[in-house]
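Notes for the one structure printed next.
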Amino acid sequence: MGLKIAPSLLAANFSDLRADMDMINRSEADWLHLDIMDGVFVPNISFGQGVIRAAGKSGVPLDVHLMIEEPDKYIDDFAALGAKIIT
């Protein structure tokens, strides 16, 4: 499979998310990594569905890491938002 690059959106500048998304789109990143946290399984420092939907339109496949209670209940929802890889 080889080395894959998946920058994490948590490392982005949240006051200018568009600029960082544009930088990722211009890069050679293979995926965009999104950590989804529910505040129960792990502390909540995550993204809402609107951010995920917008990131899904970027053209970079989304690698979504679900750190949530009962993730199997939400797999279809995250796939519909554009997730290509769900962990």
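The values are calculated or read from the model by the stated rules, or taken from the named source; none is laboratory data. Not measured: the values here are computed from a predicted model. We place every Cβ from the backbone using ideal geometry, glycine too, and count neighbours over all the protein chains shown. When the accessible area is computed, the model is the full protein with side chains, heavy atoms only, and any ligands, DNA or RNA have been set aside. Shrake-Rupley method; radii C 1.70, N 1.55, O 1.52, S 1.80 Å.
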* Cα centroid separation - segment 72-86 against segment 1-59, whole Å -> 14 Å
* Dipole in debye (nearest 20) - the chain, about Cα centre, beta carbon charges: Lys, Arg +1; Asp, Glu -1 -> 300 debye
* Residues of the chain: accessible area per residue with a 1.4 Å probe, Å² -> 63 Å²
* Asked: Restricting attention to segment 26-87, which trypsin sites (Lys or Arg not before Pro) occupy a DSSP loop and are surrounded by at most 16 other Cβ atoms within 10 Å?
  -> K57
* Can you pull the percent of the chain's accessible area that's carbon plus sulfur, 1.4 Å probe, other chains left in place? -> 54 percent
* Structure fact -> Treating every alpha carbon of the chain as one equal point scatterer without solvent, the Debye formula yields log10 I(q)/I(0) values at q = 0.22, 0.26 Å⁻¹ of -1.10, -1.42
* To do: Filter the chymotrypsin sites (Phe, Trp or Tyr not before Pro) in segment 33-87 down to the DSSP loop ones having no more than 14 other Cβ atoms within 10 Å, then list what survives.
  => F41
